[in-house]
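Read the structure below first, then the notes.
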Amino acid sequence: MAIEKIPSPLEAVWDWSYAIDQNRLHELYVKAKRDQWNADVALDWNLPVDPGGKILDAERMALLKLAFFKRLDARTLETFNAHYSAWILSQLLHGEQGALMVAGELVAAVPHYEAKLYVASQAMDEARHVEVFGRYIRKLDKIYPVQPVLKSLLFDIMQTPHWQAKMVGMQVILEGLALGTFLNVKAATGCALLRELLTYVTKDEARHVAFGSIYLTTEIARMHPDDRAAVEDFACAGMKKMVSMRRGMEGMAGFDDVLVESGIHPPDFITALQTEVAGGFQLSATPGNVHTVKSLVMPGIVRAGLVSDRIRTRYEEAGIKLFADTRVLEQFEDSGEVAS
């Protein structure tokens, strides 16, 4: 189904003062205006995209290190790489559409004039990201359906009644997940157009992450304790879904399409995966890659003030470590880059 509707509670807040009370937010808006780019001009869409080439480098992508793929003939492996790349990028595309819609909601929902101005600029960023990922994926292969756990998380974000929770879900959890993927794919790809595209996108993302740091932390601290507890619960539930998508078989839902398109029998892959995992294989971060949960997402949740003693035990029970080191996050906010 190409069109799908979901209800979303929204309280629109007007600011009739038009006063700039938070200079750091205003400075971020000025920076956003200065750094706008036109995908038609900035990117060379004539650069070749070889679906069978190194869109993703097997040496930097954990899944491709499975012995199962090393047993495939060269043609099947090239076909798989093309479809797998399109599947990963499709999930990023779906997340960017979610970010676009949430940014649109936040324009109405955030209470401060300068925050409205900034988040309106972010909506333009997200529109551009949807555009470029859609254009690129169609040059590579086709757009795959949204992964079910990701779709569930997107719907949770759209349906929460707290705008602060929408920001946590989008700016911290999903943007953090996407950001880690952007940085790692940028480092891993052999495609010049994709690398160029991701260079522009990550510059935008640096501002988005900074917005969460500047605005979200302050606004969560101002919430009534009961409302803040609800946002804590939302963040924890979102993290559980994100981790299940990254660690468990739930994250493989929808992946059958990639295997079938590649001429691989899905039960053969699942059997091989289970055997290799039982033998000690782990789908962990590849050395040199950014560890998304450890370096980006969890520190963002902790920094926002959403890990009280009340909620801490729920993370521990779920086996989610509470990383609080924000150095990588701050490095990205400052420079738009992360050192390996």
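The values are calculated or read from the model by the stated rules, or taken from the named source; none is laboratory data. Just so it is clear, the structure is predicted and the values come from calculations on it, not from any experiment. Note: ideal-geometry Cβ built from the backbone for every residue, glycine included; neighbour counts use all protein chains shown. With ligands, DNA and RNA removed, areas are computed over all heavy atoms of the protein, side chains included. Shrake-Rupley method; radii C 1.70, N 1.55, O 1.52, S 1.80 Å.
A few remarks follow.
- Built amide H within the under 5 Å cut-off of residue 144, gap 5+: 90
- The aspartates and glutamates whose alpha-carbon is closer than 19 Å to the alpha-carbon of residue 294, local same-chain residues fewer than 8 away aside, are 175, 205, 232, 316, 317, 325, 330, 333, 334, 337.
- About the Cα centre, charge dipole magnitude for the chain (Lys/Arg +1, Asp/Glu -1 at Cβ), debye: 460 debye
- In the assembled protein chains, residue 162 presents an accessible area of approximately 40 Å² (probe radius 1.4 Å).
- Sparse-neighbour loop sites [trypsin sites (Lys or Arg not before Pro); region 118-219; at most 14 other C-beta within 10 Å; DSSP]: 142
- Here the accessible area is traced with a 1.4 Å probe on the protein chains. For region 53-105, carbon and sulfur cover 55 percent of it.
- Paramagnetic label zone (point 7 Å from Cα along Cα-to-C-beta, residue 282; backbone N under 16 Å) in region 35-65: 62-63, 65
- Approximate spin-label separation residue 71-residue 294, in nm, with each point projected 7 Å along Cα-to-Cβ: 3.1 nm
- Of all accessible heavy-atom area on region 301-340, the percent that carbon and sulfur account for (1.4 Å): 46 percent
- Lysines whose Cα lies under 27 Å from that of residue 5, excluding same-chain neighbours fewer than 8 positions away: 116, 142, 151, 166, 240, 241
- Formal net charge of residues neighbouring residue 316 (Cβ-Cβ distance under 13 Å; K, R +1; D, E -1): +3
- Inter-part distance, region 88-159 to region 36-71, computed on C-alpha centroids, equals 21 Å.
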